[in-house]
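What follows is a single structure, written as C-alpha cells, with notes after it.
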C-alpha cells in the first residue's frame, strides 16, 4: 500500500510541477488545469530519453528530481491562482483517489491490477525489469513505446518503489491527473457540479473498465486526447495573445508518441486537422508548435517505423484478445450497468431493458450536446469528437474487435464531456453579480444532469468494484526459487483455475524470469525432456529436483521468448 500511494504522490507532484513550469515558459501566468497532462507527457519523454543511460534508470530519477526542483524554483512567485487551483483541485483529486482505491478495498489487498481480465501486465513488468537491469527485451527491439515503463523504472531506482507498486501507482495517478485535467472544461461552474463533472469525465465507464484491467497505456492515451482537445480550446480562449499558445498541445502530443507510438497520432493528428479546418489557427503559432513536436519526437522516429509491423496491427491475427465479441460503441456514453464491460445487454444480473433505456437516455443527451457545442462554436471539442469517432469506424470495418474496443475507451471521456458540459452549463446559469444559481425555467437541465451523473457514476463504480487484484507476487517462494534454479530448465505445475480463469501463466513466467520455464496444469503433469527442477502448487509452491532428468534438449522456452510469442496487446 505504501509503495503504491508513494508512486501516485510522486507522479502527480512531478507532473503538476513540470507541467505548470512548461506552461509558464510558454507565457501562461495563471495556474492551468492542463498542467497535469503536460507534465505527465514530459515525464514519459524525459524518462525514456534517460532510462538507457549508465545507471539503468538512476539517471532518469535524478533528472526528474532536478526538473521538479527547477520547476518549483521557477514558479515561485511567478504563477498566479495557485491557492484557487488547490481549493478547486483537492476535492477532485481526493475523489479520484477514493474511487480508484475501490478495487484494492474490495479485494482486501494491493497487487497487480486486472490479473483475472488481462495478462498483459506480465509483459510490461518484464520489459520494465529489463530496462531496470540494462538488458534488451523483445518489446524494446520491436519499437514498442516504453515511456510509461521508464517512469516506473525511475520510481524503482529513485525511491525504491517496486515495479508492481510502480505500475499500480502509475495507473492510479493517470486517473487522478485525468480528473484534474478535466477541470479545464468546468472551471466556470460552482463547486459541486464542477467536481462531479470532472470525476465522471475522467473516470468514464469504459475508462474505469480499462483501469480495472490494469491497462494504463489506454487510459493514458484517453487522457492525452482529452487534454490535447482542451489545450486547443484554451489556446483560443485564454492564450490568444501568446505566440507559443499551441506549444502546450504539441507537448501533450509528444507524450502520446512516447506512450502509444504512431497510433496515438491517429487521434491527436485527426483532432488537429479537423480543428484547423474549423478554427483557422494562426500559421506562425502553429508552425512553432509543429517544430517543437517534430524535434521532441525525432529520436523516436526509427522505433515508430519498427513498430508498424507489430503483430497486433495484423487484421488477420487473433482479434478478440480477452473480449467475448464486439463491444457496443454506446458504452462510450457512460451508462452500461455491468461490472464487466465485455458483457452484452442482459448477460449479467441487470435485464437488457435497463441497458437500452440507459442508451436511449444517454444518446439523446449526447445529440443535444453536439447541437449545443455547435451553436457555441466549441470547435476544439467537436473536432475531438469527430477524430475519436473515425478510428472506431476504421477499426470496426477493417480492424479487429480488440482495436475497436480500445477506440471506444479512448473516445469515452470526450463523449461524456459532450454530454455533461452543455447540461451543467444550462443547469448553472450566471445570474447577476452573485454568480451562479439554479435557473427555475430550465429544470430539465439540472434534472437530466443529476440523473445522468448518478446513473453513469454508479456504472463506473461497478466497473471499479469488479476489478480483480492479483498478489504482488504469486509467492515469495517463487521469487526465492528464481535464484536457486537459475536458467533451469524448470517446469511449474499450477492449478487449472490459476492457469485458465486467472490468466496466471504469464505471471508465473514473470516470477521465474531469466530462465527456461515450462508451465503445465496439475491435472495432466508431464515432465518435459531436459528439465532439472519442478515446482508444484501444493497449497504453497514446493521446489523439487528432478531425480532422473531426460538428457534430451529442453522444449522449455526462455521467459523472454514466451512473452514475445504472446505479445502484449496494444
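The values are calculated or read from the model by the stated rules, or taken from the named source; none is laboratory data. None of the values given here were measured: they were computed from a predicted structure. Ideal geometry is used to build each Cβ from the backbone, glycine not excepted, and the neighbour counts take in all protein chains shown.
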### Residues that are more than 17 Å from residue 221 (Cβ to Cβ) and outside any helix (DSSP H, G or I), drawn from region 366-399
376, 377, 378
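Any idea how many residues of region 30-49 are over 24 Å from residue 242 (Cβ atoms) and either assigned to a strand (DSSP E or B) or without any contact (Cβ under 8 Å) to a residue 60 or more places away in the chain (or both)?
0
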### Only listed residue being crowded, with 22+ Cβ neighbours inside 10 Å and either touching a strand residue (DSSP E or B) at 6+ places or on another chain (Cβ under 7 Å) or farther than 25 Å from residue 324 by Cα (or both), chosen from 423, 373
423
### Query
Has region 233-242 got at least one residue that is closer than 23 Å to residue 21 by Cβ, under 21 Å from the mean Cα position of the chain (by Cα) and assigned to a helix (DSSP H, G or I)?
no
### Task
Within region 66-94, track down each residue that is surrounded by 15 or more Cβ atoms within 10 Å (Cβ to Cβ), within 20 Å of residue 10 (Cβ to Cβ) and within 26 Å of the chain's Cα centre (by Cα).
67, 68, 71, 85, 89, 92, 93
### Message
Looking at region 93-152 only, could you name the residues that are assigned to a loop (DSSP other than H, G, I, E, B), more than 18 Å from residue 260 (Cβ to Cβ) and modelled with pLDDT of 90 or more?
### Response
101
